[in-house]
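Shown next, in structure tokens, is the structure this report addresses.
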Amino acid sequence: MSITDIIKEVQTALKIEADGAAGPQTWGAIHQRIVGGKTNASAAKAPVPTMGTVDSRSETSIATLQLDVHPHARALVQRAAAAGITIKIISGTRTFAEQDALYAKGRTAPGNKVTNAKGGFSNHNFGIAFDIGVFEGTTYKGESPKYKAVGAIGVDLGLEWGGNWKTIVDEPHFQLRPAWAAGLAERDMLAELRRRKEVGKPVFA
């Protein structure tokens with residue numbers, strides 16, 4: 001199925017003109033369906049309640065994350081489902097060695113570049129970040145306009161979304177910034193996360 005066909009299906013479900021072009025009307029309808037009337041910036045900062053478990057694949061990845069991230073990850077899966085979008089958490093915490101192996105792709109190892117971050121320079125290394133996959137039935141979709149819809153849900157939950165990044169745009173990526181890192185540049189937050197890991201200080205304390 002082409003991207004145009006996927007967009008048409010989303011537009012049909014939203015009961016708007018199904019022309020296959022994701023313009024302002026389409027995104028407005030998606031925003032209204034998912035976010036509704038929420039415009040208060042403080043809504044995204046409200047605590048996310050603890051909720052039941054989700055699918056087993058997602059739970060396996062969630063188990064690797066910091067406990068503070070668990071309810072946000074589960075809420076993202078459940079709220080996406082409520083909007084008619086099936087997602088799973090397919091990647092959670094990585095070791096520094098695993099991050100270095102990803103960084104090598106497209107550089108010293110075969111494949112395309114997938115990250116600019118070496119080990120210790122990714123939020124995945126500290127349990128505050130995870131990646132999702134969109135699924136149609138049992139089929140994983142690496143590309144889909146639904147990632148943008150899920151991005152809107154994640155931001156509403158207080159998560160940072162990789163789709164808003166300026167360098168390597170990473171629509172499947174979400175992360176929960178600790179309160180102490182509010183206003184810090186990404187590099188400064190990562191430096192503090194490395195220090196905390198080295199001395200054994202909790203990430204969200």
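Of note:
- Of all residues in region 109-137, those that are modelled with pLDDT under 95 and of a type in the set (Ser, Thr, Tyr) total 1.
- Checked against (1) modelled with pLDDT of 95 or more; (2) of a type outside the set (Phe, Trp, Tyr); (3) assigned to a loop (DSSP other than H, G, I, E, B); (4) surrounded by fewer than 16 Cβ atoms within 10 Å (Cβ to Cβ), ALA97 passes all but a single condition, namely (3).
- Which numbered condition ARG195 fails, given (1) under 14 Å from ALA73 (Cβ atoms); (2) charged (D, E, K, R); (3) surrounded by fewer than 15 Cβ atoms within 10 Å (Cβ to Cβ): (1)
- Residue ID - surrounded by the fewest Cβ atoms within 10 Å (Cβ to Cβ), chosen from residues in region 102-120 that are in a loop (DSSP other than H, G, I, E, B) and in contact with a Ser or Thr (Cβ under 7 Å, 6 or more places away or on another chain): ASN116
- Hits in region 54-94 (condition: under 21 Å from TYR147 (Cβ atoms) and in a loop (DSSP other than H, G, I, E, B)): VAL54, ASP55, LEU65, ALA83, GLY84, ILE85, GLY92, ARG94
So that you can scan it fast, the table gives a plain yes or no per residue for (1) out of contact with any Gly (no Cβ under 8 Å at 6 or more places or on another chain); (2) β-branched (Val, Ile, Thr); (3) more than 30 Å from MET1 (Cα to Cα):
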site: HIS70; (1), (2), (3): yes, no, yes
site: ALA81; (1), (2), (3): yes, no, no
site: ILE90; (1), (2), (3): no, yes, no
site: LEU102; (1), (2), (3): yes, no, no
site: LYS113; (1), (2), (3): no, no, no
site: LYS118; (1), (2), (3): yes, no, yes
site: ILE128; (1), (2), (3): yes, yes, yes
site: TYR140; (1), (2), (3): no, no, no
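- Odd one out for HIS124, checked against (1) in the same structural domain as THR64 (by TED's automatic domain parsing); (2) surrounded by fewer than 16 Cβ atoms within 10 Å (Cβ to Cβ); (3) of a type outside the set (Ser, Thr, Tyr): (2)
The values are calculated or read from the model by the stated rules, or taken from the named source; none is laboratory data. If you're wondering where the values come from, they're calculated on a predicted model, not measured in any experiment. Please note: Cβ atoms are built from the backbone with ideal geometry, for glycine as well, and neighbour counts cover all protein chains shown.
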